[in-house]
Amino acid sequence: MKNKLILASASPRRLDLLKQIGITPDKILPADIDETPLKGELPHDLAQRLACEKAAVIAKKNPDNFILAADTVVGAGRKILDKAEDESYARHCLESLSVRRHHVYGGIALITPAGKTVHRLIDTLVQFKRLTPSEIDQYLHLGQWRGKAGGYAIQGHAESYIKFIRGSYSNVVGLSLYDTMRMLEGAGFKTDA
């Protein structure tokens, strides 16, 4: 019997990404954890810690399954740019990211049916063009910033502002497909694709 895969995420983008590589989780169980950064925690450490904590919470109640969890954190230097929940914070993020390169860290954690935890940190470097005040206003008006780390969604209008990217594009969307597939294969998960 095939082991079941549980996605420990409420992100519709992660579900869509998995479907692109022929993986449909048997269950989607978002992990309700406190995502507040620890004092002095760096962006890459936060992404990895949250992914591991989400996987662990779901694995406790669902043993004998594959548990896949992820978290995306945008880092401008040592500063964490959270999910934008209001327009003023989204504007702050876009103004902070204009011209400068920033990192999008993707933490991925996989717990196997045997209880082994495997995790990876993916780092994608992104640079926006210089954003004019009218471009920022236009982007805010579109509303694509809502709930997005760093105040933007690369898979929308913001992609037209991307001058440079190094690393996994799907990581910026929400889940590095290359790394996820390698982790699942390495753990013995059999896909239907």
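Can you tell me which residue is least open to solvent (accessible area, probe 1.4 Å) among those in region 141-193 that are among the basic types (Lys, Arg) and under 16 Å from residue 87 (Cβ atoms)?
Ranking the candidates gives 148 first.
Could you check region 35-47 and list, in sequence order, the residues that are of a type outside the set (Asp, Glu), in contact (Cβ under 8 Å) with a residue 12 or more places away in the chain and open to solvent by 30 Å² or more (accessible area, probe 1.4 Å)?
37, 42, 44
Looking at (1) modelled with pLDDT under 95; (2) open to solvent by 50 Å² or more (accessible area, probe 1.4 Å), which one does residue 138 not meet, given that it meets all the others?
Exception for residue 138: condition (1).
Could you run through region 71-83 and say how many residues are under 28 Å from residue 6 (Cβ atoms) and not in a strand (DSSP E or B)?
1
Being under 15 Å from residue 107 (Cβ atoms), outside any helix (DSSP H, G or I) and hydrophobic (A, V, I, L, M, F, W, C) is the filter; apply it to region 30-70 and report the residue that is farthest from the chain's Cα centre (by Cα).
Top of the filtered list is 38.
Matching residues to (1) surrounded by fewer than 24 Cβ atoms within 10 Å (Cβ to Cβ); (2) closer than 18 Å to residue 135 by Cβ; (3) among the β-branched types (Val, Ile, Thr):
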site	(1), (2), (3)
67	no, no, yes
75	yes, no, no
106	no, no, no
111	no, no, yes
115	yes, no, no
120	yes, no, no
123	yes, no, no
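The rows are residues; the columns are (1) touching a residue at least 40 places away in the same chain (Cβ under 8 Å); (2) open to solvent by less than 40 Å² (accessible area, probe 1.4 Å); (3) within 18 Å of residue 169 (Cα to Cα).
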site	(1), (2), (3)
6	yes, yes, no
31	no, yes, no
88	no, no, no
102	yes, yes, yes
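The values are calculated or read from the model by the stated rules, or taken from the named source; none is laboratory data. Being a predicted model, the structure only gives us computed values, none of them experimental. Reconstructed Cβ throughout: ideal geometry from the backbone, glycine too, with neighbour counts over all protein chains shown. Just so you know, the surface numbers come from the protein's heavy atoms only, side chains and all, with ligands and any DNA or RNA stripped out. Shrake-Rupley method; radii C 1.70, N 1.55, O 1.52, S 1.80 Å.
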